[in-house]
Amino acid sequence: MSYLVLARKWRPQTFSEVVGQEHITETLKKAVEKNRVAHAYLFSGPRGCGKTTTARLLAKIINCEKPNGAEPCNECSSCTAITAGRHLDVIEIDGASNRGIDEIRDLREKISYAPSQGRSKIYIIDEVHMLTPQAFNALLKTLEEPPSHVYLIFATTEPHKVPTTILSRCQRFNFKRLELKEISSQLEKICALEKIPFEGEALTLLSRRAEGSMRDGESLLDQCLAASEGTVDLALVRRVLGLVDSQLVVDLLRAVGERDRKGALGIVDRAVDSGLDLEEFFLAYVEGIRNLLVLSVEGGEAADFLDLSRGEIAEFSAIGSAFRTEDLLYLFRAATRVYRELKASGQPRYVLEAALMEAASWESAVEISELIRRLDSSGGPAVPGGPARERKADPGPPRPQRLEPAAEVPRQASAASGSVTRPVPAEPVPQPRAAVIEKEAAPAPAGAFARLDTSAEPVVRTAEEDAILRDLGGKEAWERFLSQIRETKLTLGIWLMSARVERFSENILSLSFSPQNRFAREMVLEEKNRRFIEFHAEKFFGRKVVIQASEHFESGAEGQKSAAEAQKSREPKAQAPKKPRAADPALDAIAGDAPVIKRLIDEFDGELFKEKT
């Protein structure tokens, strides 16, 4: 059993073979050529990106007997010994298991000894961030002024945990995460040299799963080779690594786009039956939403941002036509929230099914600015809970405003003494001037601002309406539909219940509302609500239904009275003349002596009066 894994067999032996880190290898080669190699280096970066490999290459070139320019020869005794890991003067230390101050003290004692095999001694400390603070402090002096024959190379995946006193004594190089194309090209090169038949898409999928780590990509390829019958193909990679079939994710996204709850539930069942990890399956769904987002934003240039084949991009583009960018952002935020619940749940299937049912019920998002613009342009009701729009009073002289009569404190009886206290007038609370102007402004049309009819009492269905609704199953079917709307959106269902069915012809359903329910009519005609009703009506009745709404008045005297009241509510109210009061010298003296009272009277156009006892 002398098999050497691919990650070790194909470890780079020269700087030029290091993949994706040219900004570092070129700098080190120039330093070697100019004889400006520093005594301490810190290599930081994600796993599997070449930190330890580069440290060994630097140790090689420092001790190489016949260097080939700035590259090691890999032929002399020093290079071969370092490649085999048996060079006495290249000491590799695992910082995780040698992290204490005692190990660093031992290193300090041995570091001053002369090299026994090469020209210099090189200490490579991997995962240096695992050292204790005391160990770092013990290393400071040696790191700042080591012997001339000693080089220290640190490697870490978490440089933020290394003290600044250590960072300031080293030359730091940041290794980058490898790109998909770089890993894929290296895997293709290895397969070609090993004479292994392969599919390009299979190696691309392996590279994607490597997540920027060359070592991970080579280890995954090794795993697939062990299970293959000769060719490394896409089906083999998915089977060995337990990956989610991309077609399953495409079907799920299509079901969400079509609001097909039953289809989404069936796809979850397929995933469970195939033995997929539900967390991995959900992450694949989240990645699919991300791909749709990129396509939505970038359009034709999305191929530069997506690790997908042309066929997959075409499939995702077809699905993405059903969504807007705002819709995808909503789905993505909802999915990330559900992922936390999925990881913590003891029944992940139930959480996943509920989340996908909710996702398959998405509604198109409307930006707040767009909603306000629609309301402003249509003169509709104010947004509940939002700032009220400014309303101007009718032209004419301002109506005099007096302070509200002071509220009286109730008489309090004392059980102990039997005495009765006199009523004490409460201090008047002055209203802000803006509120006074708003109060005295001409009333808005009924149903727009002045009155919001929250009762919206349901109308009694007549035989005439039953005949009109015959094509939709009669009034019983209509009542069931209203109940379904109430279960989904309570207020919308209540508003619909207050409508009378006037006509149903050519798929157009005409509803009418009384003047008292004008607000309900306007909310039903709101674009988002109207689309919601039409969508659920089509699903319920099995045919397309277009909603129209109008206003009606009752026949006879009551109807004429209602129409007259509605018309009267639109007319501005007459200004009531202010009754002059008799002059009271005592009150005038009080107002003159108290500037605050005088200012209140002027500010609110009020008057002082004496309370009668």
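The values are calculated or read from the model by the stated rules, or taken from the named source; none is laboratory data. Here the structure is a predicted model, which means the values were calculated and not measured. Reconstructed Cβ throughout: ideal geometry from the backbone, glycine too, with neighbour counts over all protein chains shown. Each accessible area value is taken on the protein alone, full model and side chains, heavy atoms only, with ligands, DNA and RNA left out. Shrake-Rupley method; radii C 1.70, N 1.55, O 1.52, S 1.80 Å.
Here are a few things to note about the model shown:
- Here is the figure for the range 508-537: residues that are crowded, with 20+ Cβ neighbours inside 10 Å and small (G, A, S) total 3.
- Taking the range 71-92 as the range and being of a type in the set (S, T, Y) and either in contact (Cβ under 8 Å) with a residue 12 or more places away in the chain or at positive phi (or both) as the test, the residues that pass are S77, S78, T83.
- Residue check: T231 meets all listed conditions (1) touching a residue at least 12 places away in the same chain (Cβ under 8 Å); (2) open to solvent by 60 Å² or more (accessible area, probe 1.4 Å); (3) under 22 Å from A335 (Cβ atoms); (4) among the polar types (S, T, N, Q) but one, namely (3).
- Which numbered condition L331 fails, given (1) farther than 19 Å from M357 by Cα; (2) part of a helix (DSSP H, G or I): (1)
- Residue match in the range 375-387 (condition: assigned to a helix (DSSP H, G or I), of a type outside the set (S, T, Y) and at pLDDT below 75): yes
- Residues (in a loop (DSSP other than H, G, I, E, B) and crowded, with 19+ Cβ neighbours inside 10 Å) located in the range 483-507: S498, A499
- Qualifying residue in the range 113-123 (condition: in contact with a helix residue (DSSP H, G or I) (Cβ under 6 Å, 6 or more places away or on another chain), surrounded by fewer than 17 Cβ atoms within 10 Å (Cβ to Cβ) and of a type in the set (K, R)): yes
- In summary, E199 fulfils each of the numbered conditions (1) of a type in the set (D, E); (2) under 30 Å from Y41 (Cα atoms); (3) under 39 Å from the mean Cα position of the chain (by Cα) with the single exception of condition (2).
- Just one residue in the set A415, A467 is farther than 20 Å from F532 by Cα, modelled with pLDDT of 50 or more and either open to solvent by less than 60 Å² (accessible area, probe 1.4 Å) or out of contact with any Ser or Thr (no Cβ under 8 Å at 6 or more places or on another chain) (or both); that residue is A467.
- Here A271 passes the criteria (1) among the hydrophobic types (A, V, I, L, M, F, W, C); (2) crowded, with 18+ Cβ neighbours inside 10 Å; (3) closer than 19 Å to E341 by Cβ; (4) at pLDDT 90 or above except the one numbered (4).
- Meets criteria (surrounded by 18 or more Cβ atoms within 10 Å (Cβ to Cβ), in a loop (DSSP other than H, G, I, E, B) and over 50 Å from the mean Cα position of the chain (by Cα)) for G48: no
- Extreme residue, farthest from T25 (Cα to Cα), among residues of the range 64-80 that are out of contact with any helix residue (DSSP H, G or I) (no Cβ under 9 Å at 6 or more places or on another chain) and assigned to a helix (DSSP H, G or I): S77
- Selected residue (only one of E201, E179, E194 is more than 30 Å from A31 (Cβ to Cβ), acidic (D, E) and open to solvent by 70 Å² or more (accessible area, probe 1.4 Å)): E201
- Among (1) in contact (Cβ under 8 Å) with a residue 24 or more places away in the chain; (2) of a type in the set (S, T, Y); (3) in a helix (DSSP H, G or I), the one test that S510 misses: (3)
- Unmet criterion (only one of (1) part of a helix (DSSP H, G or I); (2) modelled with pLDDT under 85) for F532: (2)
- Residue ID - farthest from the chain's Cα centre (by Cα), chosen from residues in the range 319-345 that are open to solvent by 70 Å² or more (accessible area, probe 1.4 Å) and over 24 Å from N529 (Cα atoms): A344
- Pairs meeting the criteria (first residue in the range 305-325 and within 15 Å of D245 (Cβ to Cβ), second residue aromatic (F, W, Y), beta carbons under 9 Å, at least 6 apart or on different chains) are L308/F316.
- Residue match in the range 524-536 (condition: out of contact with any Pro (no Cβ under 8 Å at 6 or more places or on another chain), of a type in the set (K, R) and within 23 Å of T462 (Cα to Cα)): no
- There is at least one residue in the range 138-149 that is under 27 Å from S77 (Cβ atoms), out of contact with any Lys or Arg (no Cβ under 6 Å at 6 or more places or on another chain) and surrounded by fewer than 16 Cβ atoms within 10 Å (Cβ to Cβ).
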